[in-house]
Amino acid sequence: MVEKETDFISDGAKLPVVEEFFSLQGEGFHTGKAAYFIRLGGCDIGCNWCDSRFSWNPDLHPMVATKVIIDRVIESGADSVVVTGGEPLMWTLDLLCNGLKSENISTFIETSGAYPLSGTWDWICLSPKQNMPPVSEICKVADELKVIIQDRSDFEWAEKYHGMVSNECRLYLQPEWSIFETIIPEIVEYIKKNPTWRISLQAHKYMHIP
Ligand code: SF4
């Protein structure tokens, strides 16, 4: 039987790769850690401040065999991978994770949580978006909650998800980059009053690295 492209898509044997690079994590708990980043195409959440719009349409990006992606990670020498997007959970990520873990490579994901979880993860960074809230199951297994703050209403949104994640989950507020100067003072004051939160800055943007 001839396999169709959609068969590969549904079982995760091919994934739409927007870009891959070996760099340093710039955000959240693992800031400063070296990691191989895999940005997958596809996202229908439509955040108005999105800085990755080029990733939204998966048809604009090549479907790459998952085995080839894993080989590239091995070749890079990285000991951990961050899968991001787009919204990476639009795809089935079990094969990717299994292949990476069989090589002792740690698996991290950055997700809005809007789609059911697939894959086996050493670290789940949940960044819930108001346009399409997360499925409830992902909240309890998130290692890190990272909420983008664009205006004051986002603090309420952050607290809503604070109440849904586990007690061990690390909590981060991250200024929306384009209004960084105006929103930072609000975040600083909020964290002074609510010290379970930390600030996440997009350190890679200051270093001019991807
Ligand atoms: Fe952009 Fe991420 Fe929002 Fe999708 S979820 S629109 S990729 S910021």
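The values are calculated or read from the model by the stated rules, or taken from the named source; none is laboratory data. All of these numbers come straight from a predicted model, not from anything done at the bench. When we count neighbours, we look across all protein chains shown, and the Cβ atoms used for this are built from the backbone with ideal geometry, even at glycine. Just so you know, the surface numbers come from the protein's heavy atoms only, side chains and all, with ligands and any DNA or RNA stripped out. Shrake-Rupley method; radii C 1.70, N 1.55, O 1.52, S 1.80 Å.
Quick notes on this structure:
- Residue ranking by accessible heavy-atom surface, 1.4 Å probe, largest first, among Glu176, Glu181, Glu137 comes out as Glu181, Glu137, Glu176.
- Segment Arg198-Ser166, extension gain: residue separation times 0.36 nm, minus the distance between their alpha carbons: 9.9 nm
- Amide H to amide H distances under 5 Å link Arg170 with Glu144, Leu145, where only residues 5 or more positions off or on other chains count and H is placed in the peptide plane.
- Per-residue surface analysis assigns Glu19 an accessible area of about 60 Å², computed on protein heavy atoms at 1.4 Å probe radius.
- Exposure ranking of Val147, Val135 by accessible area [1.4 Å probe, largest first]: Val135, Val147
- Estimated D of the chain in µm² per second, where Rh is the Kirkwood radius over Cα pairs and Stokes-Einstein applies at 20 °C, 1.002 mPa s: 122
- With pairing defined as another cysteine C-beta under 4.7 Å, the cysteines of the chain that fail it are Cys43, Cys97, Cys125, Cys139, Cys169.
- Length added when fully stretched, Val64-Val188, from 0.36 nm per residue minus Cα-Cα: 40.4 nm
- Region 1-157 - share of DSSP beta bridges that are antiparallel (%, nearest 5): 45
- Inter-probe distance in nm under a simple model that places probes 7 Å from Cα toward Cβ, at Ile179 and Thr31: 2.1
- Placing His208, His162, His30 in order of accessible area, with the largest value first and a 1.4 Å probe, yields His208, His162, His30.
- Measuring only protein heavy atoms, the 1.4 Å probe finds Leu201 accessible over about 70 Å².
- Theoretical FRET efficiency, 1/(1+(r/R0)^6), r = Cβ-Cβ of Ala13 and Asn48, R0 25 Å, to 0.05: 0.15
- Between Glu103 and Leu24, the simple spin-label model (points 7 angstrom out along Cα→Cβ) gives 2.4 nm.
- Kirkwood-type radius of region 39-123, with distances r between different C-alpha atoms, in Å: 13.3
- Seen against the Cα atoms of the chain and their longest principal axis, helix 153-162 is set at about 60 degrees.
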